[in-house]
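Chemist: So that we are looking at the same thing, I have put the structure below in structure tokens.
Only the coordinates and a few stated rules stand behind these numbers; no lab work does. Quick caveat: nothing in here was measured; it's all calculated off a predicted structure. Every residue, glycine among them, receives a Cβ derived from its backbone with ideal geometry; neighbour counts consider all protein chains shown.
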């Protein structure tokens with residue numbers, strides 16, 4: 001069966017060429033197959049990194065290859081033909097893709113993980129997304145104060161403008177947060193699933209790093225959203241009573257979403273730093289100084305910077321993997337993390353990101369002027385990793401402060417995704 005996905009002109013950037021996907025050849029993958037497939041795509045993604053930056057989006061060819069390879073459906077429920085793999089598989093695939101292009105890895109990690117989130121919704125909402133097009137993608141806008149929802153008969157009216165909709169122009173749906181009016185009470189945080197004909201990508205992402213993520217603002221005006229396409233943010237945060245957990249045996253779909261959110265994001269700067277260390281080290285093995293002709297591999301300063309950069313990456317990856325394993329083990333044992341544990345995990349994800357930044361920062365001086373060349377990946381990795389570290393989910397000052405407050409017996413900040 002062939003599906004043609006055509007994006008309507010909503011005043012955004014020109015729509016990409018239609019996807020023509022034969023669903024019979026979109027494979028369900030094992031962990032090993034997913035990682036091997038990602039490693040085969042990475043050289044192609046690397047070749048397009050510069051043009052992706054120029055176009056400010058992941059090329060449509062790359063999106064189609066990720067679809068055809070089955071990687072976009074990595075965490076999608078098997079009920080809809082997905083591979084239903086977990087966080088560890090997502091991380092290993094992202095680490096591979098980041099070797100080629102951090103922007104591509106960022107968009108992929110967002111869109112692939114959102115299929116997991118959609119699997120946590122009720123059956124009717126999932127059918128709305130995938131019954132016609134099992135390859136449909138969902139972008140997100142999780143800044144709750146940016147949206148307003150009003151209860152009406154049968155559902156809600158939703159309006160707002162959300163920033164940073166990474167991968168929105170490759171997506172057929174948006175999943176947004178909004179403050180929802182409640183009679184006689186404070187507004188409630190809720191999440192809403194919005195079809196493509198009800199949202200508009202504003203094509204306003206112009207950044208010095210993660211340039212190709214197409215993280216445009218997304219606007220919704222007075223869209224009616226039926227009740228079944230909405231869920232309380234508190235249910236999503238707790239991981240308990242999630243509608244999708246009643247549909248599937250895989251504990252993935254009862255995992256507290258916000259607890260894992262930062263780790264999904266921090267895989268990209270971690271993969272970017274890991275790639276930078278590997279590529280820089282390989283280059284320095286054979287490079288000579290421009291003015292002295294001396295082998296740079298023999299300079300103790302270069303040796304020390306490689307050691308520092310490699311150690312930062314290794315420490316960061318070890319903590320991230322340990323925390324993910326703890327989260328998965330808790331869910332498998334029908335346990336759910338406390339607020340204190342979630343704050344510790346978020347602290348660790350932010351600190352791991354800081355170590356990834358420090359890793360690339362350590363390499364730049366040793367690269368010399370060659371490291372500034374637009375023809376080489378290091379300058380892009382430097383810009384991308386600093387851009388990633390500025391995401392609210394990875395910002396050290398935010399999560400260090402939140403953890404410190406908790407450790408000192410103070411209440412958590414309002415608005416934290418816990």
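Chemist: If contacts are Cα pairs under 8 angstrom and at least 6 residues apart, what is the relative contact order of the chain in percent?
Modeler: 14 percent
Chemist: Among 140-148, 45-53, how do they line up by average Cβ neighbours within 10 Å per residue, starting with the highest? Don't skip to the end; give the middle numbers.
Modeler: Values: 140-148: 20.7, 45-53: 18.1.
Answer by packing, highest mean first, reads 140-148, 45-53.
Chemist: For segment 256-407, compute Rg over Rh where Rg is the Cα radius of gyration and Rh is the Kirkwood radius from the inverse mean 1/r over Cα pairs. Spell out each step's value before the answer.
Modeler: Working: Rg = 17.9 Å, Rh = 16.6 Å.
Over the Cα atoms of segment 256-407, Rg/Rh equals 1.08.
Chemist: Please rank 62, 30, 353, fewest neighbouring Cβ atoms within 10 Å first, as an exposure proxy.
Modeler: 30, 62, 353
Chemist: Using 10 Å bins from zero, what percent of all Cα-Cα pairs in segment 138-231 falls into each bin?
Modeler: 18, 50, 24, 8, 1
Chemist: Follow-up question, since we're still on this one. What is the Cα centroid distance between segment 356-392 and segment 72-136, reported in whole angstrom?
Modeler: Using only Cα atoms to place each centre, the spacing works out to 28 Å.
Chemist: Another question, if that's okay. Taking the chain as a Gaussian network, where each spring joins two C-alpha atoms under 10 Å apart, which residue of 87, 296, 210 fluctuates the most?
Modeler: So, out of 87, 296, 210, the one fluctuating most is 296.
Chemist: Evaluate the relative contact order of segment 256-407 (contact order divided by residue number), counting alpha-carbon pairs under 8 angstrom at least 6 apart; express in whole percent. Let's see the in-between values first.
Modeler: Working: 168 pairs, mean separation 53.5, N = 152.
35 percent.
Chemist: Shifting gears a bit: What list do you get for 202, 71, 343 if you sort them by fewest beta carbons within 10 Å?
Modeler: Sorted ascending by nearby Cβ count, the order is 202, 343, 71.
Chemist: What order do you get for 360-367, 88-95 when each peptide is scored by the mean count of other beta carbon atoms within 10 Å, highest first?
Modeler: With the highest mean Cβ count within 10 Å placed first, the list reads 88-95, 360-367.
Chemist: Quick one: among 150, 313, 357, which has the greatest mean-square fluctuation in a GNM of the chain with alpha-carbon springs under 10 angstrom?
Modeler: 150
Chemist: Among 189, 295, 57, rank each residue by its count of other Cβ atoms within 10 Å, from fewest to most, as a rough exposure measure. List each step's numbers first, then the result.
Modeler: On the way: 189 20, 295 14, 57 27.
Going from sparsest to densest Cβ surroundings: 295, 189, 57.
Chemist: Would you please state the base-10 log of I(q)/I(0) at q = 0.16, 0.32 1/Å for segment 322-368, with intensities from the Debye formula using one equal scatterer on every alpha carbon?
Modeler: -0.56, -1.09
Chemist: Go ahead and set up a Gaussian network model of the chain, Cα springs under 10 Å, then flag whichever of 203, 384, 127 fluctuates most.
Modeler: 127
Chemist: May I pose another question? Would you indicate which of (1) 84, 54, 46; (2) 77, 56, 38; (3) 61, 43, 43 is the value of Cα extents along the principal axes in Å derived from the coordinates of this structure?
Modeler: The calculated read-out lines up with (2).
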